[in-house]
Each structure stands twice: as C-alpha cells, then as structure tokens.
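What follows is a short report on a single structure.
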Amino acid sequence: MASTNALRAGIAWEKPADLSDRTVQERLGPAAIRAFFKICELWALRDEDARQLLGGISNGAFYEWKRKPRAAVEQDRLTRISLLTGIFKALSILYSKKLADKWVKLPNHNPMFAGQSPLAYMIKGGLPAMLRVRQLLDSRRGGQ
C-alpha cells in the first residue's frame, strides 16, 4: 500500500527533512535549483539579485547551477529556496499572474518595507526578512 504521507522527493510529512544530511541535500538539490531559476525567470530578476537571495553565492557557482542543476544544495540555500517557493506560491494565490510576478520588485508601503520593494528588503535582511515576507503573505491568504 502506497503512503499518502510521503513527498515525491521521499520526505515524510510527519517528520521534517534533515537538511543537514548530505543525501537529502543531493536528493532535493536539483529540483530546488530548477525551481529557483524558474522563479527568477518569472520575477525577471537580475542575476546579481538572484545571487544575493541565495546568500551571496559566487558567480562561478551560480552559473554552474544554471548550466547543470545537478548539485547538492547546502542547508542554508535549501531553506532560502524553500522560503522563496512559498512566497511565489502565496503571490500566485493572492494576485493575478501579472501582479504576482511583479510584486517583489514594486515599491511597497507596508510599514515592514518602508517604501522599498520586497526584493530589496529580502536582499538586505537575508533569511529573517524572507521569513517575514513569507509570514506576511501567508497571513494575507488566511494561512492556508
């Protein structure tokens, strides 16, 4: 009998993935990299901004990932990509495709952003800022 609690990548819902485990990083890495670059494409991000969202990855590693998304991805970057994927999903639920794809680059007057774009906020604030943006959007959509 097949379990409905297992994800396609082989991670069970009841137990969070051990992102520090190298085999998990190797298994999730390629899909995470492909998802990240697809989001970057849809959001029309500059490579420099994309690199910063990943925590300042080097040019060489970034372009290697673009050419061959087969690498293991370390815990910090898997977490960043996971947050960005959640932000992307929330935006897709909340807004039309056109607005959802532009939202991260638009100036935002929410006090959290102080007039800057969510993209600038996330680049400056790193993981904590990404988490706050994710929480904001999840709360706007009712936490679903």
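A few points about this structure:
- By the Kirkwood approach, averaging reciprocal distances over each pair of separate Cα atoms, the chain gets a hydrodynamic radius of 16.1 Å.
- Helix-derived mean residue ellipticity, 222 nm - over the chain, DSSP H n ≥ 4, -39500 (n - 2.57), to 500: -19500 deg cm²/dmol
- In sequence order, calculated HN-Hα J values of the range 70-83 (Karplus, 6.51, -1.76, 1.60; Hz; x Gly/Pro): 10, 7, 5, 10, 5, 3, 4, 6, 4, 5, 4, 5, 4, 5
- Set of the range 40-57 residues, backbone N closer than 19 Å to the point 7 Å along the Cα-Cβ line of Glu74: 50-57
- Candidates Phe36, Phe113, Phe88, ranked by Gaussian network fluctuation over the chain, Cα under 10 Å, top entry: Phe113
- Asp18 - accessible surface, heavy atoms, 1.4 Å probe, Å² rounded to 10: 80
- FRET efficiency, 1/(1 + (r/R0)^6) with R0 25 Å, evaluated for Glu64 and Lys124 via beta carbons: 0.45
- The value of relative contact order for the chain, using C-alpha pairs under 8 Å at least six residues apart, is 23 percent.
- Positive-pole candidate from Tyr95, Pro30, Ser139, dipole of the chain, charges at beta carbon: Tyr95
- Where labels lie 7 Å past Cα in the beta-carbon direction, separation of Ser117 and Glu14 in nm: 4.4
- The range 75-144: translational diffusion in µm²/s, Stokes-Einstein, Kirkwood Rh over Cα pairs, 37 °C, 0.692 mPa s: 271
The values are calculated or read from the model by the stated rules, or taken from the named source; none is laboratory data. These numbers come from a predicted model, not from an experiment. Cβ atoms come from the backbone with ideal geometry, glycine included; neighbour counts cover every protein chain shown. Ligands, DNA and RNA are excluded from the accessible area calculation, which covers all protein heavy atoms including side chains. Shrake-Rupley method; radii C 1.70, N 1.55, O 1.52, S 1.80 Å.
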